[in-house]
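One structure is given here, and the rest of the page talks about it.
Read the figures in this text as sums done on the coordinates, not as results from a lab. Everything quoted here is computed from the prediction, not taken from an experiment. Reconstructed Cβ throughout: ideal geometry from the backbone, glycine too, with neighbour counts over all protein chains shown.
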Amino acid sequence: MTIAIRVRGLEKSFGDLHVLRGVDLDVEGGTVYALLGSNGAGKTTTIRILATLAKATAGSATVAGHDVATDPGAVREAISLTGQFAAVDEVLTGRENLVLVARLRHLPNAGRIADDLLARFSLTDAGGRRAGTYSGGMRRRLDIAMSLIGDPSVVFLDEPTTGLDPEARLEVWDAVRSLAASGTTVLLTTQYLDEAEQLADRIAILHEGRIIADGTLAELQRLLPPAEVEYVEKQPTLEDVFLAVIGHGSGDTDTAAHQKEVA
Ligand SMILES: Nc1ncnc2c1ncn2[C@@H]1O[C@H](COP(=O)(O)OP(=O)(O)OP(=O)(O)O)[C@@H](O)[C@H]1O
Ligand SMILES: [Mg+2]
């Protein structure tokens, strides 16, 4: 097993605002890792540092074996970032968007790369249509497809399904699953707890600048005692765990085996 993303003691301040106060995390290669947190928790800030778009105030991080601070060029060659807001050009067709990115990356066979990605994301039929006519799910899939040009080994997806309807979310989920199945490492942020439940091999909860809990869904569920409902033992949902560990809700987290100490 290889560690694709390693973060140690990461801190980030904007003036007096201490957004990240010592984030530690490890993401195993070829897995999907979900970073959960409320609005303003620092999810995008973390991703921007890992993608070399922002500098940490303290701490260290390596992505695909390269240090983000001392070797940002090598990191950029190994990653792609799909931001919170889609980067698709609406005037161009889906295929033209893909060809454009492939040309910008100086790749030979831009047309073939575009056609392969259209097929992989079920956009072949729509490939000749202006992206402005696409549904939200199709646009997001195109956005993710564009980010895969050049075969990045690590993909950052910042809230890949925010604003999408349920059907479009399922389409994007399928795209993320196929990424992971092909060996790509995916770090995604989300505010949708069911998204993390559905997609992630491991889930981390970012709160007040630190990862306050992380593990597989089953490990996180063990943080809360199962609720007795008549004769059926009901597992706590990830939402129960999330609200309990960030200090809202009534769950009892005293027995939290995997919960980290919050200073
Ligand atoms: N360039 C900046 N200058 C000043 N403050 C910033 C800057 N970037 C982010 N912040 C602040 O840092 C905090 C974390 O922001 P961030 O965008 O990382 O949160 P987030 O977890 O991605 O939230 P959301 O769920 O709303 O996307 C917020 O309070 C934000 O206002
Ligand atoms: Mg964000």
### Message
Quick check on the chain: helices-only [θ] at 222 nm, where DSSP H runs of length 4 and up contribute -39,500 (n - 2.57) each and the sum goes over total residues. Nearest 500, please.
### Response
-9500 deg cm²/dmol
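Report the relative contact order of the chain, percent, no decimals, based on alpha-carbon pairs under 8 angstrom and at least 6 residues apart.
Relative contact order of the chain: 22 percent.
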### Task
DSSP loop (so not H, G, I, E, B), at most 14 other Cβ within 10 Å: list which GluC sites (Glu not before Pro) in region 1-105 pass both filters.
GLU90
## Note on the structure
About its Cα centre, region 132-239 carries a charge dipole, from +1 on Lys and Arg Cβ atoms and -1 on Asp and Glu Cβ atoms, whose size in debye to the nearest 20 is 340 debye
### Summary
The local net charge around GLU239, scoring Lys/Arg +1 and Asp/Glu -1 for residues other than GLU239 whose Cβ lies under 11 Å from its Cβ, equals -3
### Task
May I ask for the angle, rounded to the nearest 10°, between helix 110-120 and the longest principal axis of the chain, with both axes built from Cα atoms and the value confined to 0 to 90°?
50 degrees
### Task
Between ARG6 and VAL91, with labels modelled 7 Å along Cα→Cβ, what's the label distance in nm to one decimal, could you check?
4.7 nm
### Query
Which listed residue (PRO166, LEU223, LEU238) has the Cα farthest towards the positive end of the charge dipole for region 99-244, taking +1 on Lys and Arg C-beta and -1 on Asp and Glu C-beta about the Cα centre?
PRO166
### Message
For region 113-168, what does the relative contact order come out to in percent, with C-alpha contacts under 8 Å and a separation of six or more?
### Response
38 percent
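Run through region 1-94 and list the trypsin sites (Lys or Arg not before Pro) located in a DSSP loop whose Cβ has at most 14 other Cβ atoms within 10 Å.
LYS55
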### Query
In nm, to one decimal, how far is the modelled label at GLN191 from the one at ASN109, with both set 7 Å along Cα→Cβ?
4.2 nm
### Stretch gain in nm, segment ASN39-ALA54, where the contour uses 0.36 nm per residue and the Cα spacing is subtracted
3.5 nm
### Query
So which aspartates and glutamates can LYS55 reach, going by Cα to Cα under 15 Å and dropping same-chain residues fewer than 8 places off?
GLU11, ASP67, ASP71
### Summary
Taking a crude spin-label model, label points 7 Å out from Cα along the C-beta direction, the ALA218 to ARG130 distance in nm is 5.1 nm
### Task
Only loop residues by DSSP count here, and only those with at most 12 other Cβ atoms within 10 Å; note down the chymotrypsin sites (Phe, Trp or Tyr not before Pro) in region 61-142 that meet that.
PHE85
### Message
Highest mean first, how do 138-144, 164-170 rank when packing is the count of other Cβ atoms within 10 Å averaged over residues?
### Response
138-144, 164-170
